[in-house]
Amino acid sequence: MLNLGFAYGQGIALLVGGTVIGALSSLPEMTLPVLGQVRPWQLTFFAVGLPGLIVAALMSTVKEPVRRGIQAPGAGNAIAQIPVREVMRYLVDHRHAYAPMFLGLGVQGIMIIGTIAWTPSFFIRTHGWDIAHFGQVFGLILMLIMPLGLMFGGWLAEFLAKKGYHDANLRIVVLVSALIFPLLVAMPLVPDPWVAIALLALQNFIAAWQFGPQNAAFQVITPNRMRGQVTALYLFLFNFVGFGLGPTFIALITDYVFGSEDQLRYALALAAAVMEPLAVFIFWKGMKPYGEIVARG
């Protein structure tokens, strides 16, 4: 459900955001109290952001779920907290499995988030689309294909596990990273925008295979009471490195390697050609130690 929320959220953001900015783009600048002059593209943030306040208010009514499967020392239902240093010690002791998973996640996060951030600009600069058109087309595609990819990835991981592959979850991540590599390189280079959209759709369908297994890979080899902290580290790394460095990485290649914003397509292709094989290699190095931990139970 977590990954379905991400898939639909990304699709709805593009679909609704594209529609709203298309509707507001013809409006003149407005002067609002305190804020001053506000341009149409800035109004889009208000339009799509205000509903988030309602969601935040609703989340305040959600109760903390009861944690199950934990035997804490002491009386009653109190749960002993594991110190962060103990979690870090566990990660260091099992570094041959965790290090490739975290490092590969960081490398792939830079590539994937950077590509996602600059893809709308690529279609605008290279194919002459406007942001509303791209958002509506690709947002709808994501909402249709990513849930299918999520379900297929979960099924494939279970299938491989039943066949005796202890490294099934991480094996899916390696497979996905290898399969999307040529798609990431080819998508910005093809001359037809609809072929590029088709490649982008296929890339996102395949990429969705790994979302469930990648998260499960961390959970399976992590003791129950450490999973929250390890998951927090996993999400921090993906967001901090991916969102923090990904868009900047593509921008630097565009400006300092190719020297022109019109060459964004080549920057996207070059970044994929360098970063994605590196991610494949790093994840692959972790497969054996990860499988050994799973086999030991």
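The values are calculated or read from the model by the stated rules, or taken from the named source; none is laboratory data. Computed from a prediction, not measured in an experiment: that's the story for all the values here. Positions of Cβ are generated from backbone atoms using ideal geometry, with glycine treated the same way; all protein chains shown enter the neighbour counts. Heavy atoms of the whole protein, side chains included, go into the accessibility calculation; ligands, DNA and RNA do not. Shrake-Rupley method; radii C 1.70, N 1.55, O 1.52, S 1.80 Å.
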Counting Lys and Arg as +1 and Asp and Glu as -1 over every other residue whose Cβ sits under 11 Å from the Cβ of Phe122, the net charge comes to 0
A 1.4 Å probe over the protein heavy atoms gives the chain a carbon and sulfur accessible-area percentage of 68
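Any idea what the dipole of the stretch 78-211 comes to, in debye rounded to 20, about its Cα centre with Lys/Arg Cβ at +1 and Asp/Glu Cβ at -1?
Details: 7 positive and 6 negative charges, 62 e Å.
So the magnitude is around 300 debye.
Taking the Cβ of Leu199 as the center, what net charge do the other residues with Cβ under 15 Å away carry, scoring Lys and Arg +1 and Asp and Glu -1?
Details: positive: Arg265; negative: Asp192, Glu276.
Around Leu199, the surrounding residues sum to -1.
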Filtered hits (lysines, Cα-Cα < 29 Å from Lys288, offset >= 8 within chain) -> Lys162, Lys163
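Using the Kyte-Doolittle scale, which helices in the chain average at least -1.0 and also have C-alpha atoms spread 24 Å or more along the helix axis, with helices defined as whole DSSP H runs? Please list the in-between numbers first.
Details: long enough: 2-24 (32 Å, 1.44); 40-59 (30 Å, 1.60); 95-127 (45 Å, 0.70); 131-162 (45 Å, 1.50); 168-186 (28 Å, 2.24); 264-296 (47 Å, 0.83).
For the chain, where a helix must reach 24 Å along its axis and average at least -1.0, the hits are 2-24, 40-59, 95-127, 131-162, 168-186, 264-296.
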The chain, Gaussian network, Cα under 10 Å: of Phe243, Phe283, Phe258, the residue fluctuating most is Phe258
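Mean residue ellipticity at 222 nm from the helices of the chain, using -39,500 (n - 2.57) per DSSP H segment of n ≥ 4 over the full residue count, to the nearest 500 deg cm²/dmol? Display every interim value, and only then the final one.
Values: 11 runs with 216 residues, N = 297.
About -25000 deg cm²/dmol.
Rounding to the nearest 20 debye, state how big the charge dipole of the chain is about its Cα centre with +1 on each Lys and Arg Cβ and -1 on each Asp and Glu Cβ. All intermediate terms of the calculation are to be shown ahead of the outcome.
Working: 17 positive and 13 negative charges, 234 e Å.
Computed charge dipole of the chain: roughly 1120 debye.
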Other residues with Cβ under 12 Å from the Cβ of Tyr290 give, with Lys and Arg +1 and Asp and Glu -1, a net charge of +3
Listed residues Met30, Met88, Met151; largest mean-square fluctuation, Gaussian network over the chain with Cα springs below 10 Å, found at Met30
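Let me have the relative contact order for the chain, percent, based on Cα pairs under 8 Å that are six or more residues apart. The partial results should precede the final answer.
Values: 357 pairs, mean separation 86.8, N = 297.
Relative CO of the chain lands at 29 percent.
Give the accessible surface of the chain per residue, rounded to a whole number of Å², with probe radius 1.4 Å and ligands, DNA and RNA excluded. Could the numbers behind the result be given before it?
On the way: 16320 Å² over 297 residues.
Here the residues of the chain average 55 Å² of exposed surface.
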